[in-house]
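Below is one structure; the comments refer to it alone.
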Amino acid sequence: QVQLVESGGGLVQPGGSLRLSCAASGIIFSINTMGWYRQAPGKQRELVAAISRFGNMNYGDSVKGRFTISRDNAKNTVYLQMNSLKPEDTAVYYCNVVTTSYWGKGTLVTVSS
């Protein structure tokens, strides 16, 4: 049984930083590409970042230079370091095993002064 559990969301001021974590179980974590997606009310779900089993990374244009994705295979965990946060980053952030229907329940990030 596959389970993905996101954590680390919360309220942060513009310009601040936050680190999200996604702990995975029920998969062979080390061979899977992992991704972070986000969705705000009334908007489409969009790719934030993804990282392959080899450590190759992709980022959405809106977060390039501000966010960093990483993974720790020994801990079956993928991270998203978010810096220089903007109000438009406010969304529910979801963890995904890329190309599959395996999703976490999401963690809410609110950027507001």
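The values are calculated or read from the model by the stated rules, or taken from the named source; none is laboratory data. All values derive from a computational prediction rather than experimental measurement. Here the Cβ is made from the backbone with ideal geometry for all residues, glycine too, and neighbour counts use every protein chain on show. Please note that ligands, DNA and RNA were not included when accessible areas were found on the heavy atoms of the full protein model with its side chains. Shrake-Rupley method; radii C 1.70, N 1.55, O 1.52, S 1.80 Å.
Brief remarks follow.
- Some residue of the stretch 101-108 being closer than 12 Å to Leu20 by Cβ and free of Cβ contacts under 8 Å to residues at least 40 places away in the same chain: no
- Residue count for the stretch 96-113, restricted to those that are more than 23 Å from Gln13 (Cβ to Cβ) and open to solvent by 40 Å² or more (accessible area, probe 1.4 Å): 6
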